[in-house]
Structures are given as structure tokens and as C-alpha cells.
Amino acid sequence: MCLSTVYKNAQAPENIAMQNVMRIECVDGMVILTDLMERQMAISGSLLCANLVEGTVVVKESS
């Protein structure tokens, strides 16, 4: 199972939005994250990059 840590704007410990993310959906300018426990978080913005080997995702927040 591949789980990821999602960061806002840049990959840095202080920018972690959610860990153990199993699903990412982009809908109408929102990035919707779902973790292993089915908790959800929505971030206004777009997917900047995803490294599935390292399990990291960066979302660029809209201003």
C-alpha cells in the first residue's frame, strides 16, 4: 500500500497538511485528501507535484 505525506506549497516539515494519505482528488479548484482513517481535508489550490516512490505530494495553495 502506498501512502503519502502531503505538503502545502513546499516540502518542509512545517508545511505538512496531512499524513498517511491514500486518496487525492482534484475537483473544481480544490484538492481533496483522504487519509487511511477516511478523514478528509480540502485545500483550495492545485497539485504541484507527486513523488509516489518517496510518498510525497506538494499542493500549491490558491491565494
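The values are calculated or read from the model by the stated rules, or taken from the named source; none is laboratory data. All values reported here derive from a predicted model rather than from experimental measurement. Using ideal geometry, Cβ is built from the backbone for each residue, glycine included, and neighbour counts are taken over all protein chains shown. With ligands, DNA and RNA removed, areas are computed over all heavy atoms of the protein, side chains included. Shrake-Rupley method; radii C 1.70, N 1.55, O 1.52, S 1.80 Å.
Within the accessible area of the chain, the carbon and sulfur atoms contribute 51%, probe 1.4 Å, all protein chains present. Averaged per residue, the chain has 66 square angstrom of accessible surface, using a 1.4 angstrom probe with ligands and nucleic acids left out. Given their separation in residues at 0.36 nm each and the Cα-Cα distance between them, CYS2 and ILE16 gain 3.3 nm when the chain is fully extended. Each of the peptides 54-60, 19-25 was scored by the mean count of other Cβ atoms within 10 Å over its residues; in descending order, highest first, they stand as 54-60, 19-25.
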